[in-house]
Each structure stands twice: as structure tokens, then as C-alpha cells.
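Below you'll find the structure, written out as C-alpha cells, and then a few comments.
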Amino acid sequence: MLKKRNTLRDDFKSALCVINRDETSSGIISDEEIDKQELEAHYGFMAKIQEVSPEESSSTGQPLEQNKQNEFEKYKAFNDRTIDYDILQTKLNETLGLLAGKDIDIKEGLKTKAYEISVVNQKHDELVKKSLLTKSQFEGQLKEKSKVISDLKVKEGRDIDKMIEIDKQIKFVDNTSGLAPP
């Protein structure tokens, strides 16, 4: 009986190997195909278990049902360790959703920063223009002030020359009229 059970286990493992070999040789297969192949392997394994005759049931005297139950428990334990593709797909989709959300947040943040930078650049440009205008206005006012000062100096120089000339004329008139101061 032990030999028969080992054979059954080997048959089940062979069925799973066929599934895995088909999976790797034909590329990626769909979840439906995996489910179908796992179900076929399950039915094949269960059929093998049922083929055990009562004479071969066990050397320990356990009834056939007990052996079937033990084999089923072993199969169930093995099956529980297999990958649940639906759970993985759900987790993958959740993770992808979170990543997409983060990507959107990052892109919105970048757009906000780009806008803030453009506003700063615009303000900078305005200040540069204003400072250039202020500088040119200052330079214009400075030139105008220099011209006024220059004109005043010229006028003052002429006025001084006129006063000196008038003073000479007064002295001349005084000298000629005899009213010269002592």
C-alpha cells in the first residue's frame, strides 16, 4: 500500500510538472488555463486515490476512507501552498493604483513648482526692467542737473563779468566827475 501511495503522489507531482512544463514551453498562460489544469490534476489525483482497492488500503489496518482522508489532507495542504493568482493580481492592482496616485501627485507637484518658478521669473524680470528704468531716469536727471549747474555757472560767470564791467564804469564815471572817493 505504501508503494501504491507513493505512486499516487508521484502521479500527482507528474501532473503538476506537466502543467508547469506547459506553462514554460508555451510562454505565459492565462489564469483560466492554470485553473483548468489544476482542476484536471485534482480530478486525476482523486481518481487515483479512489482506485486503491480495500486489500491495498493499509498495512496498519486503517479503513480505506481513513487513507482517502489522509491523502486528501496531504493534497489540501499542498494545494494551500500553491499561489493564489487572484490574490496576487488584486495586490498587484492595488499597488499599481497606489503608484499611479503617487505619479499623479508628483506630476501635479511639478506643475505647481513650474508655475511658481515662472511667477518668480516674471517678478524678477519686472524688477530688472524697473531698476533699468530707474537707473536710466536717474542718469537722465543727473545729466539734466549737470546741465543746469553748468548753465548757472556760465550765467554766474557772465553776471560776474557784467558786475565787474559795471563797477569799472562806475569808477570811471566817478573819476571823471571828480567825485572820486579819497
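None of the figures in this text is laboratory data; all of them are computed from the coordinates on show. All values reported here derive from a predicted model rather than from experimental measurement. When we count neighbours, we look across all protein chains shown, and the Cβ atoms used for this are built from the backbone with ideal geometry, even at glycine.
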Let's test the formula: R0 of 45 Å, r as the Cβ-Cβ distance of THR112 and ASP84. What FRET efficiency results, to the nearest 0.05?
0.60
Output the pairs from LYS48/LYS68; LYS36/LYS76; LYS36/LYS91 with a Cα-Cα distance over 19 Å in this structure; if there are none, say none.
LYS36/LYS91
Sort the range 98-182 into rounded, prolate or oblate with this rule: let a ≥ b ≥ c be the square roots of the eigenvalues of the Cα gyration tensor; rounded if a/c is under 1.5, and if a/c is not under 1.5, prolate when a/b is larger than b/c, oblate otherwise.
prolate
